[in-house]
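Peer 1: Below: one structure in structure tokens.
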Amino acid sequence: MTRVVVGLAVALLLAVVGDIIARIFNLLLGYPWHPSIHQNIQLIGIGTGAGIAAYLAWPNFTFKTYWIAGTLLLIMGGAIIGAYLGDIYGPGPAPTYWWSRFATDKTIYPAAAIGGITMAAALGLFRELRSSR
């Protein structure tokens, strides 16, 4: 239970850090493409940050390198899917907000963190059940 709570808290923090890094990356690019592409870059940055933090809640460094990379990619995939679900089903920023066109919906961060920690917990429980046989 402690791993889940701490992983969720750190995943929320790193989701915000991933958002900031993605925004800086978009600024460095100069927004040359369609705005939806830059929004996808931002969502993937949020999911990546949350996924890395969620992986750190259930690390297992006794695996071979390719298994570690595979589980990290699965967990980051779960966090990215969570970020997209938060974007789709979230209420979105208020349209009367001055920067509403560029604002990130506040539900994306917890959705990415929950998606990543859910995938990490599922893989961790699967690993524990498999090793107990």
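Peer 1: Provide the per-residue ³J(HN,Hα) series for the range 18-32, in order, calculated from phi with Karplus coefficients 6.51, -1.76, 1.60 and θ = phi - 60°, each as a whole number of Hz, with x at glycine and proline positions.
Peer 2: Taking θ as phi minus 60°, the curve returns x, 5, 5, 5, 5, 5, 5, 4, 4, 5, 5, 5, x, 6, x Hz for the range 18-32.
Peer 1: So for 89, 109, what's the accessible-area order with a 1.4 Å probe, most first? Kindly include the intermediate steps, with their values, before the conclusion.
Peer 2: On the way: 89 180, 109 40 Å².
So, going from the largest accessible area down, we get 89, 109.
Peer 1: So, one more: Considering only protein heavy atoms, with the full assembly of protein chains and a 1.4 angstrom probe, order 119, 1 by accessible area, largest first.
Peer 2: These residues rank, largest area first, as 1, 119.
Peer 1: No solvent, one uniform scatterer per C-alpha: report log10 I(q)/I(0) for the range 21-69 via the Debye equation at q = 0.16, 0.27, 0.30 1/Å, two decimals.
Peer 2: -0.58, -0.94, -1.06
Peer 1: Assuming R0 = 35 Å, what is the FRET efficiency of residue 66 and residue 105, from their Cβ-Cβ distance, to the nearest 0.05?
Peer 2: In this case the efficiency is close to 0.50.
Peer 1: Using only protein heavy atoms and a 1.4 Å probe, report how much of residue 126 is accessible, in Å² to the nearest 10.
Peer 2: Surface accessible to solvent at residue 126 totals approximately 120 Å².
Peer 1: Report the Cα-based extents of the range 18-103 along its three principal axes, largest first, to the nearest Å.
Peer 2: Principal-axis extents of the range 18-103 (Cα, largest first): 51, 28, 17 Å.
Peer 1: Taking only C-alpha pairs under 8 Å that are 6+ residues apart, what is the relative contact order of the chain in percent?
Peer 2: Normalised by residue count, the contact order of the chain is 30 percent.
Peer 1: So, one more: Tell me the mean residue ellipticity at 222 nm calculated for the chain from its helices only (DSSP H runs of n ≥ 4, each -39500 (n - 2.57), averaged over every residue, nearest 500). Numbers along the way, then the final one.
Peer 2: Details: 4 runs with 100 residues, N = 133.
Roughly -26500 deg cm²/dmol at 222 nm, from the helical runs in the chain.
Peer 1: Can you give the net charge of the other residues whose Cβ lies under 15 Å from the Cβ of residue 54, counting K and R as +1 and D and E as -1?
Peer 2: Result for the neighbourhood of residue 54: +2.
The values are calculated or read from the model by the stated rules, or taken from the named source; none is laboratory data. None of these values were measured; they are calculated from a predicted model. Reconstructed Cβ throughout: ideal geometry from the backbone, glycine too, with neighbour counts over all protein chains shown. Each accessible area value is taken on the protein alone, full model and side chains, heavy atoms only, with ligands, DNA and RNA left out. Shrake-Rupley method; radii C 1.70, N 1.55, O 1.52, S 1.80 Å.
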